[in-house]
Amino acid sequence: MSERIEDHMILTPPAGARVKFTFGGRELEALDGEMISTALFANGVKIFSRHHRDGSPQGIFCANGQCAQCSVLADGISVKSCVTPVRAGMKVEELRGVPGLPPAVCVQDAGRIEELETDALIIGGGPSGLAAAIELGKLNVPTIIVDDKHKLGGKLVLQTHKFFGSVEDCYAGTRGIDIADKLTDQLKEYPSVKVWLNSSCVAVFSDKKAGVVRDGTYCLVKPKAIVTAAGAREKSLPFPGNTLPGVYGAGAFQTLVNRDLVRPSKKLFIVGGGNVGLIAAYHAMQAGIKVVGLIEAQERCGGYKVHEDKIRRLGVPVYTRHTILRAEGKEELERVTIAQVDDRFRPLPGTEKTFEADTLLIAVGLNSINEFHQQALAFGMNAFVCGDAEEIAEASAAMFSGKITAHKVLKSLGVMAGPVPAFWYEKLETLKSRPGPTGAVKERDHDRKVYPVLHCRQEIPCNPCATSCPKKSIKIPVGNIMAAPKFEGECIGCFKCLVICPGLAITIVDRRKDEKVPTVAVPFEIGRGAVKKGDELELTDWEGCPLGKAGIVDIRDFKADSTLILQLAVDGAIADKVAGVRLYAEEKPGKHAVTKDSPDDTVICRCERVTLGEIRRALRSGMRDLNQLKAVTRAGMGACGSKTCNSLILSVCRAEGVKPEELTPMTQRPLLMETELGTFANIKCRTAMEEKAGWSGF
Amino acid sequence: MTEKKYDVIIIGAGSVGTPLALELAERGRKTLVLDELASAGQGQNKEAIGGVRATHSDGAKIKTCLRSLEIFATWHAKRGDDIGWLKGGYCFPVYTESDERLLKEMLKVQQGFGLNISWLGPEEIKKLAPGISPRDLRGGTFSPDDGSASPLLSGQAFYRAAVRAGAEFRFHERVTGLDISGGAVRGVMTDKWSYGATKVVNAAGAKAAEIAEMAGVKVPVRPDCHEAGITEPLKPFLKPMIVDIRPGDKSKNYYFYQNSEGQLVFCLTPNPPIWGDDCRSTSEFLPEVSRRMINLMPQLSGVKVRRTWRGLYPMTPDGFPIVDAGAGPEGFVLAVGMCGQGFMLGPGLAPTLARAMDGAPTEEDREILHGFRLDRQFAGMEKLK
């Protein structure tokens, strides 16, 4: 059984040697060098460990090396499976409880810890870090950019969709994955920038040095300026069942699907209607995964409407004003139950719906990873922050903020004298804008025979359609990329706007051959195998309402853009309304069994399995020092270092009516990530297996 | 509004002040504890690594810690809270002839005080510390009755018991002065309020000198700092606290043990000492301590460090505490300068201090107080810090 994605519209499945490894004694196949967690998912394994507190099954959670929930035993050593590559012959086992002392190792003499100086140290090679590095490189500033992955790009490498924003400032209309490549290539032109891959900054110290594990070797870097561009981590949500294997973040999901091309799910449910949740639904469909539904607690989804409409058209039900009540399953997720909420977001009894699902994505927002920055500031370093680490926004804004931050760094280093131009900040604010109001559907005000219909009516910072039109017939007022585009003038039916639109919100109606039954061209990215000429498809309007059926008369494959154009023969009366085709029938809720919820059992601190009940009792007894709460309950003392539970605890405090000013926050201490003792002594722990593999013979 | 009156006010809700509050409250004394931090044990108490031993080099400390050991060891049975107590003993492995001589000499003194401590050969040390480097291992001392407890859990347990016994705690209150008239203390002023009491105990840890100054008493206490760390949990494999007294490149001794959660807790004594109250982590600690630990037990190289921190040792010139109920104004009591051992000394000192304040110390109390008095020469030097 292989859960690998072999056929993807946008991504090419990784080629590589197949190797054998074992899991719990069972022989399985992996791609050489992929992460253990990826190999396990590809083989349908979702339970990696049993929690040391209560034996509960543990699946993947962050897929990013931040928590330790995906720990397994690899050749007898406890490792985080999401950041440990699999090797031929590796013996992988479920980690049950805490691990034993790692098996005996061959220890070489401890090496010296190298200390380096540099002008700028950038932590994080995502969109903001890369943009900053490029700006510093342009002025030949000695810079080190550190990233924990094997290639640059950060979360860009997961973004298969085309970007919003403006073409001139942030590659709008280009797919995230391609932007990552473009920025990486650009960086290569600047020799003053050193790129450290597979490298993590684990601490910033009071002697103004950063501790970096550079490809397994620890070193200390003393920078004149430190830039935190570490991005963000996903927020969690407290509800019963929230730690079941199969419940995890949308970012972890995108890592599995878009970076690793494995299919971790057959039936997916999503919590959160922001851009991350909406895009994850779309990515899931591109991976051949059925999306059962998406819920959003607010009246409307917070993400771009074009993203929402895109998934609604394809057949994903979006339940606004709904919350998750519980996730259930024996060992892994099997069912989710949702309910409608009232004005104060309390579930309304009688509105519960239960769906079968094997995976539940939590996409309820992001928290900045700014610990390095805060510590660096506290230690009096020349510290800067950009991208999501500074403020959560789109990657387009992150790139621009990286550029601005680089100029602040240049000024602080005395390389540049002038201040950052004021209009850059204005541009940044525009790119960071939340979506504005949505305009009404208007009747056509021209009688052209071929013309685009712009199903994009919400104010968002985006302009590729206007930029791409060779006839300059799509208008967005100069200086206001937030405004919805307007078609005025001539259309030659070249499809350029249609192919570039990140929202897939443009169709082209062509009445030149047949006024009564014109063709409507619809962009399509779900999969080449999903449609063929002659298929009768359900048409939908811009928001997914059905408009009857129509046949595909032709399909044009824009290979370079990984986009298909479906030409549908449509009744002339509705042709302007058609915005997409539905692929799936809506999943209906199954039988809802009434269970007695005990919200107090909900896990808040997943590393130490501390429950909502324990936190509530402590708060109700008058405890206001979160350090005391930690001492008493162990909440925040686990492997992830309170990265996940800290914000949940604060939300419990709010729910309990505790004011923020009453609270004493938890003390943040190094390390930011668990790191082996041997690393600090510059000794590599080698297993018997590695010894064997490394032995070249005589 | 009249100020509130207490029998005793303790300044500092830490390792010394909190157990003392419990002792006093249980004796029916109306007790107030003042601390500038947000809750009990938030100063240096929580920075302690948790070792509790009676195997010191002089009588006063040995006697005090024997009592502490009794309190820690029986806490769970008597009071019901789990404080993470483990009776794992202390083991000082020895690799050099001079260390062997030093420890064997001290052994005689320690055994003279009735301590359960003996010299073990290399084979027995290897059993106690699995995987310990055998090269040049000469043996070592082992004191099986010593142990460890969680400073976080015991700090909270002492606090809860003290509150139950009737002690009052006020947090987020900084002491700004002492009310002294006619050569006797009358009360304490804080940044929020003032309180009356005829007995005031200075248990302010690293800030002891500052508080003593308010009573016109000079105490030779100044903090230096030590860094510590904790690893991921592992299955139990190591029972005793391992203390390696050999010097390192930038350090004197270091020590580590496996706590009740299975985590290794380790601490290093920097050399030269780092004076001052800066508790921010430095880049020097981890490379130094990890090199030394792995050198001693190579298998530790694969164990993941979870967190590090830096705590203060309120040092005196001779390495012994200052516990004195007769220095300075009448009613002013010093329980300071614990030299990084407040966690293990605090509980044992509480009954002595309580009886001394009542004017009824036992013979043993008198011995302890004599050893820790302020007007000593500070000429000797603690051999087993």
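The values are calculated or read from the model by the stated rules, or taken from the named source; none is laboratory data. Predicted model, so just to flag it, every value in this text is computed and none were measured. Reconstructed Cβ throughout: ideal geometry from the backbone, glycine too, with neighbour counts over all protein chains shown.
Every condition in (1) within 14 Å of chain A (Cβ to nearest Cβ); (2) surrounded by fewer than 21 Cβ atoms within 10 Å (Cβ to Cβ) is met by residue B:252 except one, and the failing one is (1). Taking interchain pairs and intrachain pairs at least six residues apart, which have beta carbon atoms under 6 angstrom, with the first residue in the stretch A:184-212 and under 13 Å from residue A:122 (Cα atoms) and the second acidic (Asp, Glu) and not in a strand (DSSP E or B)? Short answer, once both residue conditions are applied: A:197/A:147; A:199/A:215; A:200/A:148.
For every residue, the table says whether it meets (1) within 14 Å of another protein chain (Cβ to nearest Cβ); (2) aliphatic (A, V, I, L, M).
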{"position": "A:113", "(1), (2)": "yes, yes"}
{"position": "A:129", "(1), (2)": "no, no"}
{"position": "A:133", "(1), (2)": "no, yes"}
{"position": "A:138", "(1), (2)": "no, no"}
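Residues of the stretch A:233-257 that are within 22 Å of residue A:153 (Cβ to Cβ), of a type outside the set (Phe, Trp, Tyr), touching a strand residue (DSSP E or B) at 6+ places or on another chain (Cβ under 7 Å) and crowded, with 24+ Cβ neighbours inside 10 Å: A:234, A:249, A:250, A:256.
With respect to the stated conditions, residue B:308 fails to be in contact (Cβ under 8 Å) with a residue 60 or more places away in the chain, closer than 25 Å to residue B:45 by Cβ, away from chain A (no Cβ under 13 Å) and hydroxyl-bearing (Ser, Thr, Tyr).
Go through the stretch A:63-87 and give me each residue that's more than 15 Å from residue A:23 (Cα to Cα) and touching a Lys or Arg at 6+ places or on another chain (Cβ under 8 Å). Matches in the stretch A:63-87: A:64, A:65, A:66, A:67, A:68, A:69.
Using the structure shown, decide if residue B:234 is aliphatic (A, V, I, L, M), within 14 Å of another protein chain (Cβ to nearest Cβ), crowded, with 21+ Cβ neighbours inside 10 Å and over 23 Å from the mean Cα position of the chain (by Cα). The answer is yes for residue B:234.
In the set (1) at pLDDT below 95; (2) assigned by TED's automatic domain parsing to the domain that holds residue A:203, the condition left unmet by residue A:251 is number (2). Given the options B:130, B:144, name the one that is surrounded by fewer than 17 Cβ atoms within 10 Å (Cβ to Cβ) and touching a Gly at 6+ places or on another chain (Cβ under 8 Å). Criteria check complete, one pass: B:144. Checked against the criterion of being outside the structural domain of residue A:563 (by TED's automatic domain parsing), touching a residue at least 40 places away in the same chain (Cβ under 8 Å) and surrounded by fewer than 24 Cβ atoms within 10 Å (Cβ to Cβ), the candidates A:310, A:330, A:305 yield just one match: A:305. Going through the stretch B:16-48 one residue at a time, which ones are more than 12 Å from chain A (Cβ to nearest Cβ), buried (at least 24 other Cβ atoms within 10 Å of the Cβ) and in a loop (DSSP other than H, G, I, E, B)? The answer is B:16, B:44, B:48. If the condition is being under 15 Å from residue B:172 (Cβ atoms) and either exposed (fewer than 15 other Cβ atoms within 10 Å of the Cβ) or within 8 Å of another protein chain (Cβ to nearest Cβ) (or both), then the stretch A:621-668 contributes A:622, A:623, A:624, A:625, A:627, A:628, A:659, A:661, A:662, A:664, A:665. Of note, residue B:133 satisfies the criterion of being assigned by TED's automatic domain parsing to the domain that holds residue B:240 and either hydroxyl-bearing (Ser, Thr, Tyr) or within 15 Å of residue B:346 (Cα to Cα) (or both). Among the residues examined, residue A:55 qualifies as assigned to a loop (DSSP other than H, G, I, E, B), within 30 Å of residue A:609 (Cβ to Cβ) and not β-branched (Val, Ile, Thr).
Among the conditions (1) closer than 28 Å to residue A:319 by Cα; (2) part of a loop (DSSP other than H, G, I, E, B); (3) among the β-branched types (Val, Ile, Thr), residue A:581 misses just one, which is (2). Here residue B:283 meets the list (1) in contact (Cβ under 8 Å) with a residue 12 or more places away in the chain; (2) in contact with a strand residue (DSSP E or B) (Cβ under 9 Å, 6 or more places away or on another chain) almost entirely, failing just condition (1).
In the stretch B:91-107, the count of residues that are part of a loop (DSSP other than H, G, I, E, B) and crowded, with 21+ Cβ neighbours inside 10 Å is zero.
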